[in-house]
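Engineer: Dropping a structure here in structure tokens format, bear with me for questions.
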Amino acid sequence: MQKLAADFGLSDKGLAKTCAKHLVPVPPRGYWARIEAGQSVKKTPLRTVENKDLHTVHIGATKERLLSPSVLAALAVSKSEAIAAKAERRKTAPDGINDVATLEDPGDNPHKSIAAVVRQLRRAKADADGRLAAPGVVVHERSLGRAIIILHNLAKACEARKVELLSSERGLLLKSDVGQGSVVLSEEKRREKHIPTAEEKADYDKAVAKRERERTRGNWSYGRIEPWPEYDIVYTGKFTLTCDNGSGDGLRKSWSDGRTQSVEKMLDPFIDGVKLIISAEVERGRIYAEKQRRRQQMQHRRHLAEQRADREKKRLAQLEWIANIRREVDDLRATIGAVPQEANLPPDYRRMIEWAESRLSDLEAQTTVDRIQATLVELEMFADPDPLFDPDGDPPPRVNYWDD
């Protein structure tokens with residue numbers, strides 16, 4: 001790992017974390033030492049991934065190298081389609097408004113999928129900073145009109161691309177044919193040092209004078225006395241559309257206003273990007289479910305192996321018990337036949353012989369074919385079909401491999 005990590009410009013721990021994130025198996029500790037010693041080692045194959053967009057993982061510092069070629073190709077197609085649509089707009093748009101996104105203003109009739117969010121935003125009361133919030137939307141009150149236009153046209157674009165934009169108590173959801181992603185429309189904010197007004201300065205001077213009077217009386221107090229906040233929260237008007245789903249596996253998750261682009265112009269690329277993120281997350285969930293299934297299957301196989309080992313011990317114990325009983329039967333029979341048998345035996349001697357014959361009879365009864373068969377059936381020692389049968393044989397021992 002250390003040698004390979006150096007090739008990628010990473011630490012060995014950084015490469016190991018990347019492999020763990022993408023479910024790529026790595027050799028365990030001592031793997032190469034065992035190979036050098038001539039020992040046989042187990043190689044874990046790569047897990048199967050159905051989504052071809054995720055078949056390749058690129059490692060590196062740039063964002064593009066974090067994406068597989070298929071994902072990059074899909075993004076390139078999306079970009080080329082956007083360029084073609086842009087060129088078409090230039091041909092058909094009137095002079096002077098080329099390259100301007102034409103969005104529909106819904107007025108009082110926003111798209112039905114976001115109508116509930118729009119009503120909540122219009123009814124919401126702004127906080128002290130002018131912030132309005134609804135599930136999936138956080139903007140300043142002066143930006144409300146623009147936010148509604150973006151949401152309305154995003155819903156229309158989703159409808160045209162055969163996906164749905166849904167609103168719920170948890171927020172906005174973009175639902176495709178494979179899954180859904182959480183969507184957030186937000187406005188950037190920053191902290192700026194507060195510049196006091198003339199009234200605030202006058203109030204401050206009064207507070208300072210009051211503190212000085214109190215100190216002349218021996219009443220000392222400390223702390224901030226400025227009657228204004230140290231910082232103001234300023235909303236910049238810069239909008240961002242974000243897919244708030246998981247890690248995103250290196251895919252782009254947010255689309256923001258820039259120098260030459262606005263969120264309004266990026267609705268289609270945003271939808272395509274969210275669909276890619278959803279596909280990646282669904283694939284990751286499938287891999288995790290497959291891993292859990294394999295883990296449970298291995299646990300079941302190991303449990304069967306443990307039961308078979310216990311059964312083998314019981315079989316040996318049962319066979320040993322029968323052997324001991326039969327040895328005792330032979331010894332008793334030989335002993336009874338070997339001791340003197342006279343007509344007039346002493347009472348205790350005669351009772352000993354009678355006890356030995358009774359003991360012999362009991363032991364022989366315990367080891368008849370029918371009695372042994374009944375015991376074997378009761379304990380399921382040789383059941384057919386075998387309830388503990390594993391067609392793959394005994395599983396490997398439990399070790400700290402990455403695919404355990």
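Engineer: How large is Rg/Rh for region 301-404, to two decimals, with Cα atoms and a Kirkwood Rh?
Structural biologist: Using only Cα positions, Rg/Rh for region 301-404 is 1.29.
Engineer: How much length would be gained if the chain were fully extended between A334 and E354, taking 0.36 nm per residue of separation minus their Cα-Cα distance, in nm to one decimal?
Structural biologist: 5.7 nm
Engineer: I need the calculated FRET efficiency for the pair S361 and A323, taking r as the beta carbon distance and R₀ as 25 Å, to the nearest 0.05.
Structural biologist: Step by step, r from the Cβ atoms, then E = 0.85.
Engineer: Determine ³J(HN,Hα), in whole Hz, for all residues of region 156-167 in sequence, where each value follows from phi through the Karplus function 6.51 cos²θ - 1.76 cosθ + 1.60 and θ = phi - 60°; x replaces Gly and Pro.
Structural biologist: Whole-Hz 3J(HN,Hα) from phi for region 156-167: 5, 5, 4, 4, 5, 9, 6, 10, 10, 10, 10, 10.
Engineer: Once phi is turned into ³J(HN,Hα) by the Karplus curve 6.51 cos²θ - 1.76 cosθ + 1.60 with θ = phi - 60°, what whole-Hz value does each residue of region 226-233 show in order, with x for glycine and proline?
Structural biologist: With coefficients 6.51, -1.76 and 1.60, one gets 4, x, 9, x, 5, 10, 10, 8 Hz.
Engineer: Per-residue HN-Hα couplings for region 129-138, Karplus 6.51 cos²θ - 1.76 cosθ + 1.60 at θ = phi - 60°, whole Hz, x for Gly and Pro?
Structural biologist: Along region 129-138, the couplings run 8, x, 7, 10, 9, 8, x, x, 9, 9 Hz.
Engineer: Hey, another quick one. Which entries in the list K112/K238; K162/K253; K175/K265; K43/K291; K156/K265 go over 24 Å, if you measure between the two C-alpha atoms of each?
Structural biologist: K112/K238
Engineer: With labels modelled as points extended 7 Å from the Cα through the Cβ direction, what inter-label distance (nm, one decimal) is found for E199 paired with A309?
Structural biologist: 8.2 nm
Engineer: Now a separate question. Give me the percent of the accessible area of region 115-239 that comes from carbon and sulfur atoms, probe 1.4 Å, all protein chains in place.
Structural biologist: Within region 115-239, the accessible surface is 49 percent carbon and sulfur.
Engineer: Within straight cross-link reach of K275, meaning Cα distance under 20 Å, which aspartates and glutamates are found once same-chain residues fewer than 8 apart are removed?
Structural biologist: Filter leaves E50, D53, E64, E81, E159, E164, D177, D244, D249, E264, E283.
Engineer: How far is it, in nm, from the label point at Q292 to the one at D370 when both lie 7 Å from their Cα along the line to the Cβ?
Structural biologist: Going by the 7 Å Cα→Cβ label model, 5.4 nm.
Engineer: Further, regarding this structure: Rounded to the nearest 0.05, what FRET efficiency do S254 and K13 give with R0 = 25 Å and r taken as the Cβ-Cβ distance? Could you check?
Structural biologist: 0.35
Engineer: Would you mind getting me the FRET efficiency between R142 and V282? Use the beta-carbon distance for r and R0 = 41 Å, nearest 0.05.
Structural biologist: FRET efficiency, R142 to V282: 0.60.
Engineer: Net charge near L332, counting Lys/Arg +1 and Asp/Glu -1 over other residues with Cβ under 13 Å of its Cβ?
Structural biologist: With Lys, Arg at +1 and Asp, Glu at -1, the neighbours total -3.
Engineer: Amide H of L132: which non-local residues (sequence gap of 5 or more, or other chain) have their own amide H closer than 5 Å, using H built in the peptide plane?
Structural biologist: HN-HN under 5 Å from L132: V139, H140, E141.
The values are calculated or read from the model by the stated rules, or taken from the named source; none is laboratory data. Small disclaimer: the values here were computed from a predicted structure and weren't measured. Reconstructed Cβ throughout: ideal geometry from the backbone, glycine too, with neighbour counts over all protein chains shown. Calculation scope for accessible area: heavy atoms of the full protein, side chains included, ligands and nucleic acids excluded. Shrake-Rupley method; radii C 1.70, N 1.55, O 1.52, S 1.80 Å.
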